[in-house]
Each structure stands twice: as structure tokens, then as C-alpha cells.
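Reviewing the structure listed below.
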Amino acid sequence: MKCRSCRGPAVIELRRHNAGFCGECFLRHCREQVRKAIEEFAMIAEGERVLVAVSGGKDSLALWDLLLDLGYEVDGLYLGLGIGDYSDESHRYARAFAEQRGVRLVEIDLPADVGFDIPTGSARARRVPCSACGLSKRHLFNTAAVDGGYDVVATGHNLDDEAAVLFGNVLRWSTDYLGRQLPVLPATNGFVRKVKPLVRLGERETAAWCVLRGIDYIVEECPMAAGNKHLGYKEALNAIEEQSPGSKHAFYFGFLTRASHLFRPQAHAEQEGLHPCVSCGAPTTGDRCAFCKLVARATAP
Ligand code: AMP
Ligand code: FES
Ligand code: ZN
């Protein structure tokens with residue numbers, strides 16, 4: 001197989017693009033996909049400060065590297081979740097990248113700074129670990145960005161992630177989530193803008209980016225996620241993609257261009273009802289935000 005761009009020997013085949021690439025041209029392809037996503041969805045304006053949430057995995061480290069490469073001013077944010085060895089190891093990879101590049105890593109530790117870890121806190125609060133974890137991440141990413149004066153939070157969600165989340169939302173017709181499943185969530189009172197610049201890249205591509213760029217990342221998945229629905233949806237979509245390459249892209253981008261606006265009014269209505277949480281000041285629809293309720297239950301004696 002030859003590289004689509006330079007006709008040299010290809011090192012990776014992307015069936016979705018019906019093309020092979022050599023190392024150099026593949027890196028250029030990735031940069032181009034991220035640049036295109038940022039431009040298409042107006043994710044980051046010139047001069048804005050970006051906080052990229054890094055888990056130590058391939059996606060978020062590739063994203064940090066790509067954004068630096070494209071010339072953005074970007075610091076990292078690592079959130080320690082207290083999930084045993086998994087958290088210790090992911091922390092090491094995030095720190096190693098920051099040290100090698102001489103870039104700033106903001107660090108928050110859920111057990112030390114908030115008072116609970118995901119395994120025991122979620123059990124106490126009687127919540128599924130991934131749901132307590134997701135809620136904590138959304139809340140703490142936002143407060144860290146507000147406190148640090150960042151304009152935008154970027155996460156490493158890629159095309160595989162977004163297609164799988166969309167698949168789950170469509171299976172259950174979760175219309176409230178469908179209205180908010182966008183590559184950019186604009187800033188609203190109390191929330192900074194949230195962006196997903198990797199939506200045009202699949203996880204094979206982010207892994208290949210890291211290998212070609214010499215970035216070490218944690219390969220293990222979170223032990224608490226084993227067997228969850230999201231992974232099942234990913235497998236189902238992988239089987240479909242195998243049969244007909246390009247399906248994930250068509251599914252996700254077709255939704256964005258042709259269907260997502262239909263679910264927007266409901267999401268807007270929810271946004272209108274936001275006011276500051278009585279306890280922490282974060283925007284919420286109730287008196288107390290979902291995170292403060294989680295903290296209260298997770299840290300109750
Ligand atoms: P996940 O929810 O684990 O699929 O991760 C989605 C994205 O959230 C990652 O690509 C990161 O940008 C971010 N993220 C996940 N875990 C962490 C963490 N412990 N600290 C900072 N960012 C994280
Ligand atoms: Fe959140 Fe696994 S990373 S529960
Ligand atoms: Zn609160």
C-alpha cells in the first residue's frame with residue numbers, strides 16, 4: 001500500500017478515508033482534521049487560553065500535543081479520581097508529558113481536595129461509579145477553568161466516543177442529552193465553553209499519533225468501566241464499521257447536520273432555568289447542584 005499523499009510506503013491504512021498514509025503524511029492528516037474541526041465549529045478563537053483535560057490516555061495526550069503543535073496556548077488539567085493503581089499510573093503519564101514538554105499541568109485530587117474517591121464515594125452515594133465520576137469531572141473541569149481564567153475546556157472525546165454516546169442516546173431516545181450532544185457547548189452564565197477537537201479522528205488514529213510522536217500513555221482502561229453499556233455500544237459500532245467503513249462518521253456527522261437542531265429547544269429551555277448553586281455557586285436548575293449533593297452523600301459519616 002502506498003501513501004495517498006506522497007506515494008511512499010504507507011504505515012497505516014484508514015479504511016474510512018479509503019487511504020493509506022506514511023508517518024509524516026499521517027501526522028499532517030491528523031493536524032488537518034483537528035484544525036478543520038476547530039474551524040468548522042468555531043471551537044477556539046485566536047488568543048484564547050485553553051485548558052485540556054488529560055487523563056494520561058492516548059486521546060487526551062494526543063490532543064494536548066496536537067493543540068500545542070497548532071500553536072494554541074494550552075495548559076493541562078489532571079483530575080485524580082482515587083481509583084487505586086489506575087489513577088497513580090495515569091497521573092504519571094500526564095506528568096511525564098508535561099515535564100518533557102515543559103508545559104503546565106494543573107492538578108486536582110478528588111480524595112485530598114474534595115474528600116472522597118470514586119470507588120467508595122460512589123458506593124456511599126449509591127451511584128454507578130462512572131456516573132459519579134462523570135459528574136465530578138464535568139463539575140471540576142469547569143470550576144478549574146473558571147478559577148484559572150481559561151476561556152475554554154477541551155476534552156479528548158474522539159469519533160468513536162461520540163458515535164457510541166449518540167448510539168446510546170438514540171437507543172433510549174434521551175432527547176435531553178441529544179440536544180446537548182455537540183462538539184462545542186457555548187459558554188453560558190457560569191460555564192466556560194467546552195470543546196471536543198478530536199471528533200474527526202478515531203481512536204486508532206489517536207493511538208497511532210502517540211506512537212509516531214513517541215508519547216507514552218496508559219493503555220489500560222479504567223477498571224470501574226469494565227462491562228459498562230458504553231463499551232458495548234462501541235463494540236457494536238465497530239462491527240458495523242468493519243462491514244461498512246465510514247458508518248461512524250456518517251452516523252455522527254449526519255446527526256449534527258440533519259437532526260441535532262430538532263432537540264435543541266429542550267436543551268435551551270433547561271439552560272434558561274439555571275441559577276447559582278446555594279452551596280458552591282456553580283450553575284444548576286435546583287437549589288443545590290448535583291455535585292454538591294454527591295459530595296454530601298459521598299462524604300457523610
Ligand atoms: P472518559 O470519560 O474517560 O472517556 O474521558 C473523556 C475525556 O475526559 C478524556 O479524553 C479527557 O479529556 C478527560 N478525562 C478523563 N479522565 C480524566 C482525568 N482523570 N483527568 C483529567 N481529564 C480526564
Ligand atoms: Fe471514571 Fe472510570 S474513569 S469511573
Ligand atoms: Zn454546588
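The values are calculated or read from the model by the stated rules, or taken from the named source; none is laboratory data. Nothing here was measured: the structure is a model prediction, and the numbers come from that model. Using ideal geometry, Cβ is built from the backbone for each residue, glycine included, and neighbour counts are taken over all protein chains shown. When the accessible area is computed, the model is the full protein with side chains, heavy atoms only, and any ligands, DNA or RNA have been set aside. Shrake-Rupley method; radii C 1.70, N 1.55, O 1.52, S 1.80 Å.
For the reader, a short list of remarks on this structure follows.
- Residue list for region 70-102, restricted to those being within 13 Å of ligand 2 (Cβ to nearest atom) and closer than 23 Å to Thr143 by Cα: Tyr78, Leu79, Gly80, Leu81, Gly82, Ile83, Ser87, Ser90, His91
- Residue check, Tyr93 within 10 Å of ligand 1 (Cβ to nearest atom), open to solvent by 40 Å² or more (accessible area, probe 1.4 Å), modelled with pLDDT of 95 or more and farther than 26 Å from Pro283 by Cβ: no
- Subset tally (residues that are outside any loop (DSSP other than H, G, I, E, B), farther than 16 Å from Val219 by Cα and more than 16 Å from ligand 2 (Cβ to nearest atom)) for region 39-62: 6
For every residue, the table says whether it meets (1) assigned to a helix (DSSP H, G or I); (2) on the phi > 0 side of the Ramachandran plot; (3) touching a residue at least 24 places away in the same chain (Cβ under 8 Å).
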{"residue": "Leu182", "(1), (2), (3)": "no, no, yes"}
{"residue": "Glu205", "(1), (2), (3)": "yes, no, yes"}
{"residue": "Ile215", "(1), (2), (3)": "no, no, yes"}
{"residue": "His230", "(1), (2), (3)": "yes, no, yes"}
{"residue": "Glu241", "(1), (2), (3)": "yes, no, yes"}
{"residue": "Lys248", "(1), (2), (3)": "yes, no, yes"}
{"residue": "Phe255", "(1), (2), (3)": "yes, no, yes"}
{"residue": "Arg258", "(1), (2), (3)": "yes, no, no"}
{"residue": "Arg264", "(1), (2), (3)": "yes, no, yes"}
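- Residues located in region 1-21, provided they are in a strand (DSSP E or B) and not aromatic (Phe, Trp, Tyr): Lys2, Cys3, Pro9, Ile12, Glu13, Leu14, Ala19, Gly20
- Test: residue in region 58-70 that is within 15 Å of ligand 1 (Cβ to nearest atom), open to solvent by 30 Å² or more (accessible area, probe 1.4 Å) and of a type in the set (Ser, Thr, Tyr): no
- Only one of His249, His268, His275 that is closer than 16 Å to Thr175 by Cα and either out of contact with any Phe, Trp or Tyr (no Cβ under 6 Å at 6 or more places or on another chain) or away from ligand 1 (no atom under 16 Å from the Cβ) (or both): His268
- Total residues in region 185-199, condition within 15 Å of ligand 1 (Cβ to nearest atom) and open to solvent by 10 Å² or more (accessible area, probe 1.4 Å): 5
- Residues in region 6-16 that are open to solvent by less than 90 Å² (accessible area, probe 1.4 Å) and touching a residue at least 24 places away in the same chain (Cβ under 8 Å): 3 in all.
- Taking the criterion of being buried (at least 23 other Cβ atoms within 10 Å of the Cβ) and assigned to a loop (DSSP other than H, G, I, E, B), the only residue of region 71-83 that qualifies is Leu81.
- Answer from Phe116, Phe141 - the residue that is touching a helix residue (DSSP H, G or I) at 6+ places or on another chain (Cβ under 6 Å) and at pLDDT 95 or above: Phe116
- Scanning region 139-168 for residues that are open to solvent by 40 Å² or more (accessible area, probe 1.4 Å) and in contact (Cβ under 8 Å) with a residue 40 or more places away in the chain, we see that the one that is farthest from ligand 1 (Cβ to nearest atom) is Gly149.
- Qualifying residue in region 284-294 (condition: within 16 Å of ligand 2 (Cβ to nearest atom) and not aromatic (Phe, Trp, Tyr)): yes
- Hits in region 271-301 - residues which are assigned to a helix (DSSP H, G or I) and open to solvent by 70 Å² or more (accessible area, probe 1.4 Å): Glu272, Lys293, Arg297
- Qualifying residues in region 202-234 (those that are under 30 Å from Asp147 (Cβ atoms), buried (at least 17 other Cβ atoms within 10 Å of the Cβ) and among the aliphatic types (A, V, I, L, M)) - the one modelled with the lowest pLDDT: Met224
- Any hit, region 69-83, residues being within 23 Å of Met224 (Cβ to Cβ), in contact (Cβ under 8 Å) with a residue 24 or more places away in the chain and hydroxyl-bearing (Ser, Thr, Tyr): yes
- The helices (runs of 4 or more DSSP H) falling completely within region 84-167 that include 3 or more residues that are under 17 Å from the mean Cα position of the chain (by Cα) map to 84-101, 129-148.
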